[in-house]
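Throughout, read-outs are computed from the coordinates displayed, never taken from laboratory work. Model, not experiment: these values are computed from the prediction. Positions of Cβ are backbone-derived with ideal geometry, glycine not excepted, and every protein chain shown enters the neighbour counts.
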Amino acid sequence: MKSVLFVCLGNICRSPLAEGYAKHLAFANVMDLKIDSAGTGAWHVGEPPCANSVRVAAKYGIDIADLRAREVKREDFTSFDLIVALDESNYQDLKRLGATNLVKLGDYGYGGKDVPDPYFFDGFDGFDEVYKMIESCVNTLFSVKSYTKDSG
């Protein structure tokens, strides 16, 4: 695997967290990977990650503030070795768009469970839980141990 694209709905919560953590992990392990994120919808194109995603990433020593949301493109399916959906709905949308190199992130640590959208959670705790879920699954996907500060 040389390239990975993480995809959620709007590309402002989960997928930027996954992108940020995966880049952090790849750097710490001297892995030469192209890593990006996108959303299946265009509502937030050009926007930064939501404040709570930026905050939870910073809590673990990762800066995602400069990332900007983008919509997934069909070309992504050939320019990335692996497309990683954050939930079943995104998985199905990506499949309908023609992605074949497709997996769900939850299959790498949570028995196929979706990584829930923290945008609709009440408060910051949901973002922290989603971050930990993403961290665990990306570690398994990349087959390495955790490399963030304050991580379990």
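For the stretch 127-137, the criterion of a residue being of a type outside the set (S, T, N, Q), in contact (Cβ under 8 Å) with a residue 12 or more places away in the chain, assigned to a loop (DSSP other than H, G, I, E, B) and surrounded by 18 or more Cβ atoms within 10 Å (Cβ to Cβ) is satisfied by no position. The residues in the stretch 1-60 that are of a type in the set (S, T, N, Q), crowded, with 19+ Cβ neighbours inside 10 Å and under 20 Å from I83 (Cβ atoms) can be counted, and the count is 4. Hey, does the stretch 105-114 have a residue that's under 18 Å from N11 (Cβ atoms) and surrounded by fewer than 21 Cβ atoms within 10 Å (Cβ to Cβ)? Looking for residues that are under 18 Å from N11 (Cβ atoms) and surrounded by fewer than 21 Cβ atoms within 10 Å (Cβ to Cβ), one finds at least one in the stretch 105-114, hence yes.
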